[in-house]
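Heads up, the thing below is written out as structure tokens.
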Amino acid sequence: MNANSLLQSYQHFGVHLGLERIHQLLEKLDNPHKQIPIIHVAGTNGKGSVCAYLSSVLTAAGYRVGRYTSPHLIDWTERICINQKPISTTALQQCLEQVVSAAQGNTETPTQFEIITATAWLYFAEQKVDIAVIETGLGGRLDATNVCETPIVSVITSISLDHWQILGPTIADIAGEKAGIIKSKCPAVIGELPESARIVVEKRIQELGCPAVWVKPAVDLGEGFAEYNPNSEITVNSDSSTVKIKYQLLLLGQVQLMNSAIALATLHTLQNLGWQISATAITNGIAQTKWPGRLQQTTWKNRNILIDGAHNPAAAIALREYVDHLTSSPSPINWVIGILATKDCGDILQALLKKGDRLYLVPVPDQNSASPAELATTAEIICPELSLTQAFPDLTTALDAAVTDENLTILCGSLYLIGYFLQQQQSPA
């Protein structure tokens, strides 16, 4: 059974938060998670970008860097990388087989996410990485990645309403779950949070006696450059710095001013702990960072299009803000959108749509997709002044219809949909 089939065989166990199964599984594998220094990253949005910045800079600094993120866009190997290079299909298969074998005697069958998470820990330990950048899957407190009691740094990028069915109905509830990655006396780096979330996170930091940095966004210098000023941070029991850093920022969108600043604050924390990270490694690493599927420019049938996950309301707001800043007088947008049924579809559409836009709705293949016809009904209520609202049976026909005029076409609404699109782009015609 190949790696994909092995992992698919665990899919029906669904999302089942808790640490007992993963602890039991890792113990049988000789606790690989205890052999690796980690940076643990949680948050509603921005986690992936921050992980990408951190792993890129630490690689540029000469370290052997593991990176574990989710979901993947095309292939499972994307989730487990060392120095930006995905795990080989062979290595993934071998590590998976070890993990699945260890899981056989478990009192309760692990979930798919627990299996792939244990695989990442095992691979990083076998490969003797110097450090691993680990992204939470869902929440934090009971997430399968939350097995390390002494992370080098715990990072919370942002908190907004997403996965509320599992994490709780309010921002404060969600903040409590994400703050679960903060550990006693371990440094914490926190992005800008809503007031109700900030109170929850601040309380946990105080209770656990953590050195903490509350990050402010970098300053946009224009022409693709930004400047990070550590003196603008609010620090608690943490060393401060007077050195500003100017750097080239190739990932698109205003949100990257915050994401890159969070990464730089984390790197500064590592420097204070003795990690050797030069200014050159920082500027080169940030400039070389890639994170596909997020405000990515690509083409369809030789026409330029923009693709972005925009899979929750906060991400949709960030996408709309980016689009509105592209020109001084925004033109109508051709939106090709598919959204999972579990998402706040109305709020996502509300954030994206404006008068005169054209809307092409599609299903998200092989997922619990919201009905395109039902999304069309919702969209017409939210924005009755759309130029066009139409449901399509598949992505190809929707994109073909969307790129026939001069308007900017944007594909968004789900990272799974973006992954499907990128996979289609790779497939031979």
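The values are calculated or read from the model by the stated rules, or taken from the named source; none is laboratory data. In this text the structure is predicted, and so the values were computed from the model without any measurement. FYI the Cβ positions are ideal-geometry reconstructions off the backbone, even for glycines, and counts take in every protein chain you see.
Observations on the model:
- Scanning the range 195-206 for residues that are assigned to a loop (DSSP other than H, G, I, E, B) and among the hydroxyl-bearing types (Ser, Thr, Tyr) turns up nothing.
- Test for Tyr63: is it in the same structural domain as Thr170 (by TED's automatic domain parsing) and either on the phi > 0 side of the Ramachandran plot or part of a loop (DSSP other than H, G, I, E, B) (or both): yes
- Among the conditions (1) modelled with pLDDT under 90; (2) surrounded by 16 or more Cβ atoms within 10 Å (Cβ to Cβ); (3) not basic (Lys, Arg), Asn4 misses just one, which is (2).
- Residue in the range 149-157 that is under 18 Å from Leu25 (Cα atoms), out of contact with any strand residue (DSSP E or B) (no Cβ under 9 Å at 6 or more places or on another chain) and at pLDDT 95 or above present: no
- Residues being β-branched (Val, Ile, Thr) and more than 21 Å from the chain's Cα centre (by Cα) - total across the range 325-367: 4
- Restricting attention to the range 272-287, the residues that are surrounded by 16 or more Cβ atoms within 10 Å (Cβ to Cβ), in contact with a Ser or Thr (Cβ under 9 Å, 6 or more places away or on another chain) and polar (S, T, N, Q) add up to 1.
- Qualifying residue in the range 272-284 (condition: in a loop (DSSP other than H, G, I, E, B) and not assigned by TED's automatic domain parsing to the domain that holds His72): no
- Which numbered condition Ala175 misses (of (1) under 29 Å from Ala279 (Cα atoms); (2) modelled with pLDDT under 95; (3) buried (at least 17 other Cβ atoms within 10 Å of the Cβ)): (1)
- For Pro393, the conditions (1) farther than 20 Å from Ile333 by Cα; (2) over 25 Å from the mean Cα position of the chain (by Cα); (3) in a helix (DSSP H, G or I) are fulfilled apart from (3).
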